[in-house]
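Everything on this sheet refers to the single structure shown next.
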Amino acid sequence: MTDASPTLAGAAAMFGADERWVAVERYITDSLLAPDASLEEALRASDAAGLPPISVSPNQGKLLHLLVRMLGGRRVLELGTLGAYSTIWIARAVPSGGRVITVEADARYAEVAQENIARAQLGDVVELRVADALEALTDMQANGEDPFDLVFIDADKQRIPAYFESALALSRPGSLIVVDNVVRGGRILDPDSEDPGVLGIRRFYELAGRESRVSATAIPTVGCKGYDGFAVLLVTA
Ligand code: SAH
Ligand code: DHB
Ligand code: MG
């Protein structure tokens with residue numbers, strides 16, 4: 001068993017995470033999540049290849065996994081693969097014959113991701129597309145792609161509004177849309193922010209709040225990634 005803690009420590013340093021809450025998150029993870037060699041190895045290999053330590057935390061990965069299982073999800077779309085840590089959590093949740101499409105713009109990250117996917121023996125489940133997320137979404141809409149059961153939005157934050165609109169177009173009533181990083185250390189409340197990511201997230205809240213086809217919430221999170229949050233939206237019509 002390899003130890004994923006260097007990556008989690010790297011995240012804690014990057015996000016200026018509070019030690020006590022890192023410990024609480026670790027306590028939850030140690031109590032509830034079985035050690036998993038493929039996931040730990042994916043983090044270790046990503047770290048060794050110099051990828052930034054910005055994967056979802058283990059307990060968030062498990063939440064994605066459980067959401068897919070609760071839905072009985074067979075088709076999942078992920079925007080932003082990085083080293084495929086979240087992808088592996090999700091792909092482990094789809095039944096045999098299921099499909100996970102994950103989109104990554106950075107070819108070098110994608111190479112690391114593909115190796116991690118292969119090592120986890122999920123090459124038959126996961127299709128990794130090296131592309132810009134918005135272009136990939138536009139192509140899927142133009143090609144009449146079947147709806148997804150869950151779309152996980154975790155690429156650049158600036159264009160979350162556009163990703164959300166496309167995710168909705170590629171959904172059906174009963175689909176879930178999950179968006180990572182919707183709190184960003186509370187910077188979403190800064191009225192003078194010119195950070196394109198912050199502006200993208202605020203615009204997303206506006207759109208989602210008045211979109212009659214979704215019922216939505218967002219949960220602030222704390223742990224190795226500092227203070228952030230996950231939005232969960234059920235497509236209702
Ligand atoms: N989902 C991953 C983490 C993703 S980090 C996990 O939890 O393990 C965000 C990723 O989005 C980075 O790898 C970054 O290269 C990618 N990205 C940024 N802009 C993008 C774009 N326009 N299209 C596709 N991917 C993008
Ligand atoms: C960043 C991206 C993420 O998806 C995340 O969860 C944390 C940070 C980033 O680009 O900095
Ligand atoms: Mg993220």
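General remarks:
- Highlighted here are the helices (runs of 4 or more DSSP H) found entirely within region 111-228 that include at least 1 residues which are in contact with an Asp or Glu (Cβ under 8 Å, 6 or more places away or on another chain) and within 25 Å of P53 (Cβ to Cβ): 133-142, 196-210.
- Number of residues in region 30-80 that are free of Cβ contacts under 8 Å to residues at least 60 places away in the same chain, of a type in the set (S, T, N, Q) and either closer than 21 Å to L234 by Cα or buried (at least 20 other Cβ atoms within 10 Å of the Cβ) (or both) equals 1.
- Cβ-Cβ under 8 Å pairs, at least 6 apart or on other chains, region 208-237 side under 14 Å from I177 (Cβ atoms), far side of a type in the set (D, E) and within 14 Å of ligand 2 (Cβ to nearest atom): F230/D180
- Near pairs, Cβ below 8 angstrom, 6+ apart or cross-chain, from region 138-164 (within 18 Å of L64 (Cα to Cα)) to any residue that is near ligand 2 (Cβ under 10 Å from one of its atoms) and hydroxyl-bearing (S, T, Y): F152/S86; D154/S86
- In region 93-110, of all residues being part of a loop (DSSP other than H, G, I, E, B) and within 16 Å of ligand 3 (Cβ to nearest atom), the one that is surrounded by the fewest Cβ atoms within 10 Å (Cβ to Cβ) corresponds to D106.
- First in region 166-190 and under 18 Å from K62 (Cα atoms) and in contact (Cβ under 8 Å) with a residue 60 or more places away in the chain, second anywhere and within 12 Å of ligand 2 (Cβ to nearest atom) and of a type in the set (D, E), Cβ under 9 Å, 6 or more apart: V178/D154; D180/D154; D180/D228
- Region 50-60 - residue that is more than 13 Å from G229 (Cα to Cα) and within 12 Å of the chain's Cα centre (by Cα) and, of those, nearest to ligand 3 (Cβ to nearest atom): I54
Taken together, the values in this text are just the output of simple stated rules run on the coordinates, not laboratory data. Please read all numbers here as calculations on a predicted model, not as lab measurements. FYI the Cβ positions are ideal-geometry reconstructions off the backbone, even for glycines, and counts take in every protein chain you see.
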